[in-house]
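Asker: The structure under discussion is supplied below as structure tokens; questions concerning it will follow.
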Amino acid sequence: MTSSEISAERSTTEQMPRYYAQRAREYEQVFDRPHRQADITTLKRWLGEQFRARHVLEVATGTGFWLPAATADALSWQGTDINAEVLEVAKTKSLDFDKVSFRLADAYALDLVPAGHASPFDAAFAGLWFSHVPMQRRADWLAQLHGQLAPGALVVLMDNRFVAGDSTPIARVDAEGNGYQVRSLSDGSQHEVMKNFPTLEQMQALLAPQAQDIEWQELDYFWTLKYRLR
Ligand SMILES: C[S@@+](CC[C@H](N)C(=O)[O-])C[C@H]1O[C@@H](n2cnc3c(N)ncnc32)[C@H](O)[C@@H]1O
């Protein structure tokens with residue numbers, strides 16, 4: 001491993017959070033790509049239908065791009081992220097702040113997030129987050145998320161598909177099979193970011209003991225996964 005090839009652990013706990021803090025003000029440019037607009041419109045509509053009458057825990061909220069649509073019919077929404085810089089952008093969105101709130105939280109320490117309106121939450125959402133969970137932490141991360149939710153709760157994950165010629169290429173793969181992309185920001189800085197692309201088969205194997213009614217959807221550039229806890 002060269003000095004620039006850091007471990008999955010350091011990438012997850014240090015480098016990736018710092019990259020997204022630095023990217024906060026330019027993050028949503030990624031949603032401007034013309035060829036992705038049809039998928040984004042579909043996703044906003046779909047997300048708006050998922051959380052009706054739910055008390056939702058959201059992991060890695062970021063700038064809240066999906067929230068005007070996703071929160072519309074929810075009863076309460078607790079957005080969380082490790083970075084204050086991105087939540088500052090989320091707070092500028094047109095949202096019903098009687099039911100939507102944000103707090104700083106590490107996605108790997110969700111037990112520290114109190115359920116505000118409901119205890120425990122009866123739904124969870126994570127957009128464009130699961131791809132940043134190292135392969136070897138996937139099962140633990142899912143178990144930890146499920147531990148914050150009521151029996152029968154709804155879980156919705158949504159993320160990027162890898163599309164050759166469109167997605168940022170995977171520059172290297174580590175010993176555990178995690179992929180890394182090299183990304184640039186407008187200040188010229190370059191960042192190595194872990195990014196994995198799970199398959200339905202991998203998700204089914206991970207979720208089999210804990211989930212029911214698993215629904216997987218593939219759009220051109222995104223996938224969604226929806227299930228209920230047993
Ligand atoms: C790709 S962005 C996704 C943002 C948003 N969910 C979306 O769909 O646009 C990933 C987010 O994960 C956050 N993040 C990185 N490490 C985290 C951690 N350990 N715990 C919580 N959030 C984290 C970053 O700050 C960033 O906002």
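Asker: From the list 213, 166, which residue is away from the ligand (no atom under 13 Å from the Cβ), in a strand (DSSP E or B) and of a type outside the set (Ser, Thr, Tyr)?
Answerer: 213
Asker: When you go through 161, 172 one by one, which is the residue that is closer than 25 Å to residue 61 by Cβ, surrounded by fewer than 17 Cβ atoms within 10 Å (Cβ to Cβ) and touching a strand residue (DSSP E or B) at 6+ places or on another chain (Cβ under 7 Å)?
Answerer: Only one candidate qualifies: 161.
Asker: Can you work out which of the residues in the range 169-185 that are touching a residue at least 40 places away in the same chain (Cβ under 8 Å) and touching a His at 6+ places or on another chain (Cβ under 9 Å) is nearest to the ligand (Cβ to nearest atom)?
Answerer: Among those that are touching a residue at least 40 places away in the same chain (Cβ under 8 Å) and touching a His at 6+ places or on another chain (Cβ under 9 Å), it is 183.
Asker: Next question. I want to confirm something. Restricting to the range 53-64 and keeping residues that are near the ligand (Cβ under 7 Å from one of its atoms) and not small (Gly, Ala, Ser), which single residue is nearest to residue 145 (Cα to Cα)?
Answerer: Top of the filtered list is 59.
Asker: Check the range 124-143 and report whether any residue there is within 16 Å of the ligand (Cβ to nearest atom), at pLDDT 95 or above and more than 30 Å from residue 175 (Cβ to Cβ).
Answerer: yes
Asker: Here's something else I'd like to know. Please enumerate the residues belonging to the range 63-113 that are at pLDDT below 95 and among the β-branched types (Val, Ile, Thr).
Answerer: 113
Asker: From the list 50, 78, pick out the single residue that is polar (S, T, N, Q), touching a residue at least 40 places away in the same chain (Cβ under 8 Å), away from the ligand (no atom under 11 Å from the Cβ) and under 22 Å from residue 20 (Cα atoms).
Answerer: On inspection, the qualifying residue turns out to be 78.
Asker: Could you list, in sequence order, all residues of the range 171-196 that are among the hydroxyl-bearing types (Ser, Thr, Tyr), out of contact with any Lys or Arg (no Cβ under 6 Å at 6 or more places or on another chain) and closer than 20 Å to residue 13 by Cβ?
Answerer: If the condition is that a residue be among the hydroxyl-bearing types (Ser, Thr, Tyr), out of contact with any Lys or Arg (no Cβ under 6 Å at 6 or more places or on another chain) and closer than 20 Å to residue 13 by Cβ, then 189 is the only one that fits.
Asker: Can you find a residue in the range 77-89 that is of a type in the set (D, E, K, R), crowded, with 23+ Cβ neighbours inside 10 Å, over 24 Å from residue 217 (Cβ atoms) and touching a strand residue (DSSP E or B) at 6+ places or on another chain (Cβ under 9 Å)?
Answerer: yes
Asker: Would it be correct to say that residue 190 is under 30 Å from residue 37 (Cα atoms), in contact with a Ser or Thr (Cβ under 6 Å, 6 or more places away or on another chain) and without any contact (Cβ under 8 Å) to a residue 12 or more places away in the chain?
Answerer: yes
The values are calculated or read from the model by the stated rules, or taken from the named source; none is laboratory data. From a predicted model like this one, the values you see are computed outputs, not experimental measurements. All Cβ positions, even for glycine, are placed from backbone atoms using ideal geometry, and neighbour counts span all protein chains on display.
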